[in-house]
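Coordinate-derived values only; no laboratory data. Just so we're clear, the structure is a prediction, and the values are computed from it rather than from any experiment. All Cβ positions, even for glycine, are placed from backbone atoms using ideal geometry, and neighbour counts span all protein chains on display.
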Amino acid sequence: MGPYRELVERSPNGILISRHDRIVFANAAALELAGATSPAEILGAPLRDLFDAASREALDDLIAACQDGRARATADARLVRRDGALVDVDVAGAAIDDARGPAFQIVLRDITQRRRTEAGLRESEERLTLAFAGAQEGVWDWDLATGAVVYSHRWKAMLGYRDDEIEPHLSAWQRLVHPEDRARADAMYESVVRGATSYEGELRLRHKDGHYVHVLSRGLPIRREPDGPPVRIVGTHFDLTERRRAEAALRDSEERLTLAFAGAQEGVWDWDLATGAVVYSHRWKAMLGYGDDEIEPHLSAWERLLHPDDRARADEMYESVVRGATSYEGELRLRHKDGHYVHVLSRGLPVRREPGGPPVRIVGTHFDLTERQHAEEMRERERAERARTEFLGRLIFAQEDERRRIAREMHDQFGEQLTALSRRLGLLKEACTDQPDLRAHLEALETVSAQLDRDVDHLVWELRPTALDDLGLRAALANYVANWSKRVGIPAELHANGLLDDRLSTEVETTLYRIAQEALTNVAKHARASHAEIILERRSDHVLLIVEDDGIGFEPPAATAPGDGFGLRGMEERAALVGATVVVDSSIGRGTTILVRMAAAGAAGGAVGQA
């Protein structure tokens, strides 16, 4: 066998020689392609019979081309195997010079696998094209070696561009990326080069109209071999604008709901009837003494806290909603963390997916009736205190009016009668000049009458000093301090500033006079003082009365109690009637200071004459 013959026999491609349209030679590869086990099965057979009918025209064209003198012609055809199977082949032909007549050499190369690969590639490309077209995200495919980038239609449309307005190259992306994001993009690329398995980051790309679009760019690096350098990155570009709007709206909604839950004066709850999950607001938990992490977000927490005797009422409230009631409402008792039960008004609104359908949620509030009851009790106490204060005021000022009336009547009636008695005793004494015994009795009666006159004057003065009505607080208090000091034997001084021209109101003058009178009475009874001072001042913004002594002092009680009469509590109540305050400063062995202060606006009054 010559070298050429051996080369032909060993060729991996099928080789046939045809003369007069009959096969006269077939190498081993050709026999295998045809499905023959020996040359005899195909030798002598017409060449055209090896191919399917659809391929014969291409074969005829190839033979004609060879007859025209072309060195080599090719065609794609399908070979029919002996078992009827079809094999895709690439056919190449050439004319052969032969003394026995014209002949043709046919070279057959099996391209079945290539066709399958090409078909798969086409299918893959079609799927990729469909994926690119249908993807909600913009898709891109970046060839790192050439810088070529395939941008999907969606990628371009998301930035406002048509297909023909974005060149398929990295330069388009570089032109559109925000300058401030370039460093971040470079870092993303470098991380892939260093071996990262993903390419991901938020960037800004310029829209056609000029504004920038926030996108999430995510890619998968493709490497020819594991741990080798990336050759491509295929990824997506997701427009974050809508998501950011949605996230902002959700945050805003959540913030409003959080603020509503946090700021609600009532406890808020949201009950999912299907799952039993319940959201309890911070206020709901705090009203029962619990921290946020101490109440599980489930109906079981409420069931555990509900008073056993109220379970039937709660079930009835729920059943009424199931039967179609438009509200969920009732008073219940829930156990506080410290063990006592809190009365609450639980009110809810059932949420239904469709009108008339079953409720799926109940959203409501829990109002602590204990606080309301306490508030009502407080308001009632305040009303009672105001009524008591008003009554006390009317009583005290009625007493002052009555004192004034009695004092004047005593002054007018007793004074007149005692004056008449003194005059008659004087006349009778003159008539008894010659009766020494009788005259001595008359002189004794004159003494009794004079003392009685002085006692009546003092009593009238105690009941209502005329100087208070006629001359005002400053003069009346000066007179009282002088008489008190003389009577009890304790030196006392009055320091007055202001109140010379303008009078205070009658009620204020009377109140301050009586407080000073009571304070000095206490000094005389209890203080064992050697000296007392009284300060009365009217300043631009307030009026001040101070009574202090150097006596033994005492420990003031934390709060004055009822039953103190017109002691400290009496002073405080009198002062409160005209808007003044009383402060007592005392300690054992350091004397006592009583300070009365009131705003000047509340003390204003005009000139007051004798009533």
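Which value, to two decimals, describes the C-alpha radius of gyration of the stretch 3-110 once divided by 2.2 N^0.38 Å?
Dividing the Cα radius of gyration by 2.2 N^0.38 Å gives 0.98.
With θ set to phi - 60° and the Karplus curve 6.51 cos²θ - 1.76 cosθ + 1.60, what are the ³J(HN,Hα) couplings of the stretch 102-119 in order, to the nearest whole Hz, using x for Gly and Pro?
Computed from phi, the couplings for the stretch 102-119 are x, 9, 10, 9, 10, 10, 10, 10, 5, 10, 4, 5, 4, 4, 4, 4, 4, 5 Hz.
So for the stretch 467-603, what percent of the C-alpha to C-alpha distances run longer than 23 Å?
Numbers: 2749 of 9316 pairs.
Here the long-distance tail beyond 23 Å is 30 percent of all Cα pairs in the stretch 467-603.
Under the rule of at least 5 residues apart or a separate chain, name every residue whose amide H is placed under 5 Å from the amide H of Tyr212.
It is His207, by chain and number.
Could you derive backbone 3J(HN,Hα) for the stretch 504-521 from the dihedral phi with the Karplus parameters 6.51, -1.76 and 1.60 (θ = phi - 60°), listing whole Hz in sequence and x where the residue is Gly or Pro?
For the stretch 504-521, the Karplus curve yields 7, 5, 4, 5, 5, 4, 4, 4, 5, 4, 5, 5, 4, 4, 5, 4, 5, 4 Hz.
Given H placed on each backbone N at 1.01 Å, which residues far from Ser11 in sequence or on other chains put an amide H within less than 5 Å of it?
Distant-sequence amide H within range of Ser11: zero hits.
Using a 10 Å cut-off on Cβ atoms, rank the peptides 149-158, 423-432 from the highest mean neighbour count down.
Ranked from most to least packed, the peptides come out as 149-158, 423-432.
Can you work out the base-10 log of I(q)/I(0) for the stretch 1-59 at q = 0.16, 0.17, 0.23 1/Å, using the Debye formula on its C-alpha atoms alone?
The computed values of log10 I(q)/I(0) come out as -0.51, -0.57, -0.96.
Return the tail of the calculated pair distribution for the stretch 133-239, meaning the percent of Cα-Cα pairs more than 21 Å apart. Mind dumping the intermediate values first?
On the way: 1686 of 5671 pairs.
Within the stretch 133-239, distances greater than 21 Å cover 30 percent of Cα pairs.
May I ask you to order 517-528, 77-88 by the average number of other C-beta atoms within 10 Å around their residues, highest value first?
The peptides rank, most packed first, as 517-528, 77-88.
Provide the per-residue ³J(HN,Hα) series for the stretch 50-65, in order, calculated from phi with Karplus coefficients 6.51, -1.76, 1.60 and θ = phi - 60°, each as a whole number of Hz, with x at glycine and proline positions.
Values per residue, Gly and Pro as x: 6, 10, 6, 4, 5, 9, 5, 5, 5, 5, 4, 4, 5, 5, 5, 5 Hz.
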